[in-house]
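Where a number appears in this text, it was derived from the coordinates with a stated rule and is not lab data. No experiment lies behind these values; they were computed from the predicted model shown. Don't worry about glycine lacking a Cβ; one is built from the backbone with ideal geometry, like all the others, and counts go over all protein chains shown.
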Amino acid sequence: MGYGVCGGQMTLTGKKIILGVTGSIAAYKAVELLRELTKAGASVLVAMTESAQRFVAPLTFATLSRQEVMTDLFARDDEATIRHVAAPHGADLFLVAPATADSIAKFAQGRADDLLSALFLACTRPIVLAPAMDAAMYRHPAVQANLTRLRTWGVRVVGPATGELASGVWGPGRLAEIADIMQTVTELLCPKSDLSGEVVLITAGPTRERLDPVRFLSTRASGKMGYALAEEAVARGAKTILVSGPSDLTPPQGVEIIRVETALQMRAAALDRLAEATVVIKAAAVSDYRPAHPAESKLTKRDAPLTLELVPNPDILHEIGAQKGTRIIVGFAAETSDVVRRAEQKLKKKNLDLIVANDVSQAEGGFESETNQVVLLDPEGGVDALPLLPKREVARRILDRVVSLRHEKQGGRVEG
Ligand code: CTP
């Protein structure tokens, strides 16, 4: 089995992984997983729950990993450091495979009453879980809610696969294929550079339209989605330009930031850099109107109602769509009702390759939250409803689509 190369080396050379094994019949498959991880060059420290040790002896893992296996929450190593706290700091990734319903519940509750849950809490590096359990257990709302919670914290969940389970029942609950687990681990530890050569222009945040020197009209937006896209794009090798409306967020390293305030400034900045952009992603929540006559000095209070005259702002994305060329153009649609139909209309009207439809009326999938629940729509009628995910993960999925769109466009050119 091969998982590609990373910087010209064996995929996981020099990477330190903690492999947590919990008490499922699939624990024997963790032995094969350990072999694949070490074959790919990783150094693996295995940690087992008590029940896992009933399925496979720690000696098996110790022999194959050439390291002592962690089994005890209270064990100290030679330097008298507590291993469950010290170990995650030296590791690049924490992988739990198989992860039982019980271990998933403990992680989701933030418990720390056994070795693995303590390791989970102490870990600041990427965490991957590969659940394995009976189908009915996996489908139970308690397990589903726990997995959703863990995903929103950034934990990557691989599988489970569907097939015949230990009970003889057919359904979801089998440990994911070892190749799929390896693929996820490799992706996290060896970032892709599949956007190198692309220049990605992203707009983010709100715009502010001045009424007077102390007041403005604006849109609700934190910029988190656009900043997450910029972070992911630069990590994947793209030259990344971020045109940002007012936001408190720190721009990701390596990203060129252009700060703007109004929709007109955002338009000017985006059009100014359009010639070099090969991908445009408009995540900004642009104010559709601006005051027709902003006051030079502060408006004073009167006893009569005040009527504001507003004029429409230009639709930046519409203008960009009209001069698309070979660019890939991605828009967002913030909706509060009839989400998919309205987003489809915007996709067509603005000549986009992809639109990210977002129901902003939902508390956890809206403007200021850390997570987002979106539907990706394409001009061919493709509808991909993503689960509630951290914004960085949503960004990853959007850029995965950008990469496939690029392949399709290039394929089309070669054939044409
Ligand atoms: N957009 C833009 N310029 C504007 C308004 C919107 O570039 N003046 C972009 C947004 O950045 C987003 C997409 O167009 O990518 C859709 O924005 P949205 O606010 O959902 O829709 P609108 O086109 O403004 O339509 P409406 O407000 O009527 O829903």
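Points to keep in mind about this one:
- P(r) tail fraction, the range 144-289 - alpha-carbon pairs more than 22 Å apart, %: 55
- Cα lying deepest toward the dipole's positive end in the range 11-50, options 12, 46, 28, charges on Cβ: 12
- Rounded to the nearest 20, the size of the Cβ-charge dipole of the chain about its Cα centre is 560 debye, with Lys and Arg at +1 and Asp and Glu at -1.
- Magnitude of the charge dipole, the range 215-321, Cβ model with Lys/Arg +1 and Asp/Glu -1, debye to 20: 260
- Under 5 Å between amide hydrogens, built in the peptide plane, is the criterion, and for residue 42 it picks out 12 among residues at least 5 positions away or on other chains.
- Kirkwood estimate for the chain, i.e. one over the average of 1/r between Cα atoms, Å: 23.8
- Charge dipole (the chain, unit charges on Cβ, about Cα centre) - positive-most of 89, 387, 101: 387
- Greater than 18 Å apart at Cα, pairs in 239/391; 15/192; 192/282; 239/350: 239/391; 192/282; 239/350
- The range 5-189 shape via C-alpha gyration tensor axes, a/c threshold 1.5: rounded
- Helical runs assigned H by DSSP (4 residues or longer) give the chain a calculated mean residue ellipticity at 222 nm of -10500 deg cm²/dmol, each run adding -39500 (n - 2.57) before division by the residue total.
- Backbone amide hydrogens, once placed in the peptide plane, bring residue 295 within less than 5 Å of 212, excluding anything fewer than 5 places away on its chain.
- The 3J(HN,Hα) values that the Karplus relation (6.51, -1.76, 1.60; θ = phi - 60°) gives for the range 156-167 are, in residue order, 8, 10, 10, x, x, 8, 9, x, 7, 9, 4, 6 Hz. Gly and Pro appear as x.
- Percent of beta bridges antiparallel (DSSP, the chain, rounded to nearest 5): 35
- Prolate/oblate/rounded call for the range 103-190, Cα gyration tensor, a/c under 1.5 rounded: oblate
- Less than 5 angstrom separates the built amide H of residue 129 from those of 96, 156, 157, 158, all sequence-distant by 5 or more or on a different chain.
- Angle of helix 224-235 to the longest C-alpha principal axis of the chain, folded into 0 to 90 degrees and rounded to 10: 60°.
- Fully extended contour minus Cα-Cα distance, from residue 259 to residue 105, at 0.36 nm per residue: 51.1 nm
- Peptides ranked, highest mean first, by Cβ atoms within 10 Å: ranges 290-298, 215-223: 215-223, 290-298
- Charges were assigned to the Cβ only: +1 to each Lys and Arg, -1 to each Asp and Glu. The resulting dipole of the range 153-225 about its Cα centre is roughly 520 debye.
- FRET E, pair residue 301, residue 276, Förster distance 45 Å, beta-carbon r, rounded to 0.05: 0.40
- Estimated vicinal HN-Hα couplings, Hz - the range 31-46 in sequence order (Karplus 6.51, -1.76, 1.60; Gly, Pro = x): 5, 5, 4, 4, 4, 5, 5, 6, 4, 7, x, 6, 9, 10, 9, 9
- Ranking of 134, 72 by count of other Cβ atoms within 10 Å, fewest first: 72, 134
- Sequentially through the range 146-151, phi angles give Karplus couplings (6.51, -1.76, 1.60; θ = phi - 60°) of 5, 5, 4, 4, 5, 4 Hz, Gly and Pro residues having no value and appearing as x.
- Ranking of 264, 308, 175 by neighbouring Cβ atoms within 10 Å, starting from the fewest: 308, 264, 175.
- For the range 224-295, a/c is not less than 1.5, where a ≥ b ≥ c are the root eigenvalues of the C-alpha gyration tensor, and a/b tops b/c. That puts it in the prolate class.
- Sorted ascending by nearby beta carbons within 10 Å, beginning with the fewest, 55, 74 become 74, 55.
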